[in-house]
Amino acid sequence: TLLEQALRNAIINDAVDVHFQPIVNLKNETVLGFEALARWIDPELGFVSPAVFVPLAEERGFIDTLSETLLRKAAEAALSWPRETFLSFNLSSAQLTDPATASSILAILGRIGFDPHRLVLEITETAVVTSADTAHCIIAELRRAGVRIALDDFGTGQSSLGRLRDFAFDKVKIDRAFVSRLASDPASEHIVRAIVAMCEGLQLQVVAEGIEEVTEVKILKALGCSIGQGYFYGRPADSAATLAYLKERN
Ligand code: G
Ligand code: G
Ligand code: MN
Ligand code: NA
């Protein structure tokens, strides 16, 4: 298709870019890390969302190439950040069905000289369901090298609490659907409170996604959630703007 060909060309021509969104300590607003988010503006098609082109690349079998390009770009940019600042990177579910994924990620980090301890990989529940055994092996290999794993979009999709026990995660990211309803919907508040308590018991870090309002920050803090991201703290921005953002804060 036209879109597929345009995306293949964009990858070859290095035209798919990576932007970064801050992840902050809600108590003192220090920046802890950034989530890398793929961005592509095609000269003819205009802005194409990663929600469209990532699934397309998965379906057509070139998600590995796309993801390698994105990780290389993201890690290269992150080399200019303070050493304690982590890089959070989204893995697609198809990548967790391919046993070669762990070694390919570690090889990219090695070539760039990016410390695996600074990398967090975000995976979704769907990803660990489709190919559980392979996903287990990939996650174990990455964690042995120091990479941390975050369960993304928690609470939506095929949630099973058992997965928090069966898989070794380091962090849980509460889906923004709960965060955006915090101020208006008591049920969301109960759900977030329960997730925070459960994660505390399991010694998992909790990150609230999609924070847009100061009211949400206040409720999250009262519920014991101390890490978050969202437009309230910063929209995804390119690597130059991200560096400027870091300089301004230090
Ligand atoms: O930032 P935005 O709302 O446009 O992202 C839309 C979706 O695309 C989200 O689900 C996000 O996780 C996903 N996404 C963004 N960047 C990447 C990426 O580099 N790799 C993968 N696999 N997914 C990404
Ligand atoms: O699926 P994942 O959580 O990786 O996707 C992150 C998506 O959420 C990205 O597309 C990003 O642009 C978007 N996002 C980040 N912060 C906010 C926010 O505060 N509000 C909304 N509506 N979207 C956000
Ligand atoms: Mn994510
Ligand atoms: Na998410």
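The values are calculated or read from the model by the stated rules, or taken from the named source; none is laboratory data. Quantities reported herein were computed from a predicted structural model and do not represent experimental measurements. Backbone-built Cβ (ideal geometry, glycine too); neighbour counts: all protein chains shown.
General observations
- In the set (1) within 16 Å of ligand 4 (Cβ to nearest atom); (2) under 27 Å from A127 (Cβ atoms), the condition left unmet by F232 is number (2).
- Residue-level analysis places I112 among those that are closer than 28 Å to V31 by Cα and more than 16 Å from ligand 4 (Cβ to nearest atom).
- Search result, residues across the stretch 220-244 that are surrounded by fewer than 16 Cβ atoms within 10 Å (Cβ to Cβ), in a helix (DSSP H, G or I) and in contact (Cβ under 8 Å) with a residue 12 or more places away in the chain: K221, L243
- Residue check for A57: crowded, with 21+ Cβ neighbours inside 10 Å, within 16 Å of ligand 4 (Cβ to nearest atom) and on the phi < 0 side of the Ramachandran plot: no
- Strands (runs of 3 or more DSSP E) contained entirely in the stretch 1-120, each with at least 3 residues that are at pLDDT 95 or above and within 16 Å of ligand 3 (Cβ to nearest atom): 17-25, 31-42, 86-90
- When S188 is tested against the conditions (1) touching a residue at least 60 places away in the same chain (Cβ under 8 Å); (2) surrounded by fewer than 22 Cβ atoms within 10 Å (Cβ to Cβ), the lone failure is (1).
- Residue list for the stretch 164-180, restricted to those being touching a residue at least 40 places away in the same chain (Cβ under 8 Å) and either small (G, A, S) or within 16 Å of ligand 1 (Cβ to nearest atom) (or both): K171, K173, I174, R176, V179
- Selection within the stretch 200-216: residues that are within 13 Å of ligand 2 (Cβ to nearest atom) and surrounded by 14 or more Cβ atoms within 10 Å (Cβ to Cβ). The member of this set that is farthest from D185 (Cα to Cα) is V207.
- Number of the exception - S92 against (1) within 15 Å of ligand 1 (Cβ to nearest atom); (2) of a type in the set (S, T, Y); (3) within 22 Å of Q203 (Cα to Cα): (3)
- Near pairs, Cβ below 7 angstrom, 6+ apart or cross-chain, from the stretch 206-219 (within 19 Å of F34 (Cα to Cα)) to any residue that is outside any helix (DSSP H, G or I) and among the polar types (S, T, N, Q): V207/Q229; E209/Q229; G210/S180; I211/Q229; E212/S180
- Considering residues of the stretch 31-54 that are among the charged types (D, E, K, R) and farther than 21 Å from I123 by Cβ only, the residue surrounded by the most Cβ atoms within 10 Å (Cβ to Cβ): D42
- L109 fulfils the conditions (1) closer than 21 Å to V172 by Cβ; (2) in contact with a strand residue (DSSP E or B) (Cβ under 8 Å, 6 or more places away or on another chain); (3) not acidic (D, E) except for a single criterion, (1).
- Among (1) modelled with pLDDT under 95; (2) surrounded by 15 or more Cβ atoms within 10 Å (Cβ to Cβ); (3) away from ligand 1 (no atom under 16 Å from the Cβ), the one test that R143 misses: (1)
- Filtered residue count, the stretch 171-209, keeping only those that are aliphatic (A, V, I, L, M), within 15 Å of ligand 4 (Cβ to nearest atom) and over 16 Å from V120 (Cα atoms): 4
- Scanning the stretch 132-163 for residues that are in contact (Cβ under 8 Å) with a residue 60 or more places away in the chain and of a type in the set (D, E, K, R), we see that the one that is farthest from ligand 3 (Cβ to nearest atom) is R148.
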